[in-house]
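Contents: one structure, followed by commentary.
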Amino acid sequence: MRQVPLRGAVLAVSFALLAACSSTSSQPPAPPGLSPTPQSTAPRVDTGTLAGAPYRFEIPAGWNGELVVLLHGYEPRGVPRDDPWPADPATAIFLARGYAVAESAYASQGWAVGDAINDSERLRAQVVARHAPKRSWLVGMSMCGLVAIESLERHGAHYDGALSLCGANIPSARVFADTLRSLAAFDVLFPDAGLPGDGLADAAALPLDDPRADQPAVMQAIATAMAGNPDAAARLARALEVSPDALAGTLSLHVLLQREAIARAGGLPVGNRDTVYSGFGDDAAFNAAVRRYDADPKATAWLADTGNLRGTLEKPLVLRYNRVDPTIPPRYQSVYPAMAAAAGRAGHITVVSPSGEGHCAFSPEQVIEAFDVLVRTAG
């Protein structure tokens with residue numbers, strides 16, 4: 001089956017894939033305001049900026065009266081944006097089924113969870129005021145699987161349900177504890193990697209301001225270091241639940257995420273001063289060797305208001321993961337269902353069987369299959 005390169009897949013490591021996922025729409029640019037394209041059957045398109053966030057809204061010719069708020073995934077800071085904001089590759093899937101689609105680019109790039117929630121909610125309110133859809137749905141990918149869930153927790157009265165595809169469906173604090181774990185582990189296992197600064201986990205390191213050039217360079221340096229000690233690389237891959245072939249890419253992504261978060265928050269948002277690590281072989285020796293970091297209080301406060309999931313949803317949520325995903329490891333998959341169960345909301349969650357190999361590598365049929373489960377569950 002053909003696969004749709006969801007814009008959420010920018011969380012994947014290849015920036016060639018990033019370019020594919022952020023490609024411009026094949027439709028001609030639409031002027032501000034809802035305007036039909038020359039083809040009578042083509043969607044009507046509205047593009048513009050709302051509170052600093054570019055947006056795109058489309059209504060198909062045979063609109064079914066319902067709205068999908070489509071949430072794209074992680075967009076590295078500094079990546080050039082198209083103007084007007086182009087349709088996500090997944091947009092056509094929902095337009096073909098008769099749904100109107102609203103997409104915010106968010107006012108900022110990087111770990112823009114807070115902006116994604118607020119900007120998408122602002123766009124939804126504008127669409128509702130102008131077009132009064134009968135029902136509204138959230139569909140989030142990758143980082144914005146988390147955004148879809150938190151939006152459902154915060155603004156559930158405005159939505160009928162949410163679908164998280166290939167989502168980082170865990171609290172942001174756990175995301176950054178996980179990135180610190182992987183980077184600190186690399187520094188223990190490859191102490192002579194020859195990387196700039198004090199290793200991959202260095203909290204004082206500068207962000208990757210040119211990710212298209214900087215991240216591949218970091219990835220190559222990591223791969224070179226691991227080639228000199230394949231046994232240590234295999235041990236690290238097992239601990240991180242990724243294949244050895246994907247390990248360098250996963251680590252370089254974690255570098256990108258952590259450094260951007262430090263720059264955004266003004267410090268390291270999660271520390272490891274009292275963390276006891278396991279899964280790296282001789283745990284006592286590992287914990288004695290690993291470098292310890294303290295979280296910055298102001299960064300911790302930022303993180304507490306950014307992707308702070310609680311499990312307290314009141315509407316249906318469907319989760320679908322990929323079978324093999326170097327970005328969203330298997331250990332993430334049980335986290336939010338357990339949180340919802342602890343909050344007494346387990347009945348609101350449906351987990352669809354995993355499909356596709358690679359981050360956000362779903363076919364259109366697999367996307368619609370999961371979305372149809374959501375619609376049926378909502379009734």
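Quick rundown of the values:
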{"quantity": "Rg to Rh quotient for region 288-348, alpha carbon positions, Kirkwood Rh", "calculated": "1.09"}
{"quantity": "Per-residue Cβ neighbour rank within 10 angstrom, fewest leading, Trp137, Trp63, Trp111", "calculated": "Trp63, Trp137, Trp111"}
{"quantity": "Total formal charge among the other residues, if their Cβ is under 10 angstrom from that of Thr350, Lys/Arg +1 and Asp/Glu -1", "calculated": "+2"}
{"quantity": "Axial C-alpha extent at least 30 Å, average Kyte-Doolittle at least -1.0 - helices from the chain (DSSP)", "calculated": "244-265"}
{"quantity": "Listed residues Leu206, Leu256, Leu163, most fluctuating in the chain (Gaussian network, C-alpha, under 10 Å)", "calculated": "Leu206"}
{"quantity": "Sparsely packed chymotrypsin sites (Phe, Trp or Tyr not before Pro) within region 203-309, loop by DSSP, other Cβ within 10 Å at most 16", "calculated": "Tyr277"}
{"quantity": "Counted charge near Pro269, where neighbours are those whose Cβ lies closer than 13 Å (Asp, Glu -1; Lys, Arg +1)", "calculated": "-1"}
{"quantity": "For region 194-209, Karplus couplings with θ = phi - 60° (6.51, -1.76, 1.60), whole Hz, Gly/Pro x", "calculated": "x, 7, x, x, 9, x, 5, 7, 3, 5, 9, 5, 6, x, 7, 6"}
{"quantity": "Exposed GluC sites (Glu not before Pro) absent: longest stretch of the chain, with sites in DSSP loops and at most 15 other Cβ within 10 Å deemed exposed", "calculated": "1-240"}
{"quantity": "Length gained when the stretch Val79-Ala288 is fully extended (0.36 nm per residue, less Cα-Cα span)", "calculated": "71.3 nm"}
{"quantity": "The chain: relative contact order in percent, alpha carbon pairs under 8 Å with at least 6 residues between", "calculated": "18"}
{"quantity": "Hz values of 3J(HN,Hα) by residue in region 55-60 - Karplus curve (6.51, -1.76, 1.60), Gly and Pro given as x", "calculated": "9, 9, 9, 10, 10, x"}
{"quantity": "Reference-scaled alpha-carbon Rg (2.2 N^0.38 Å with N residues) for the chain", "calculated": "0.98"}
{"quantity": "Cα-based Rg of region 172-303 normalised by 2.2 N^0.38 Å, two decimals", "calculated": "0.99"}
{"quantity": "If the convex hull is drawn through the Cα atoms of region 69-209, its volume per residue in Å³", "calculated": "131"}
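A short reminder: the numbers here are calculations on the coordinates, not readings from a lab. Only a predicted model underlies this, so the values are computations on that prediction, with no experimental measurement involved. In this analysis, Cβ positions are derived from the backbone assuming ideal geometry, glycine residues included, and neighbour counts consider all displayed protein chains.
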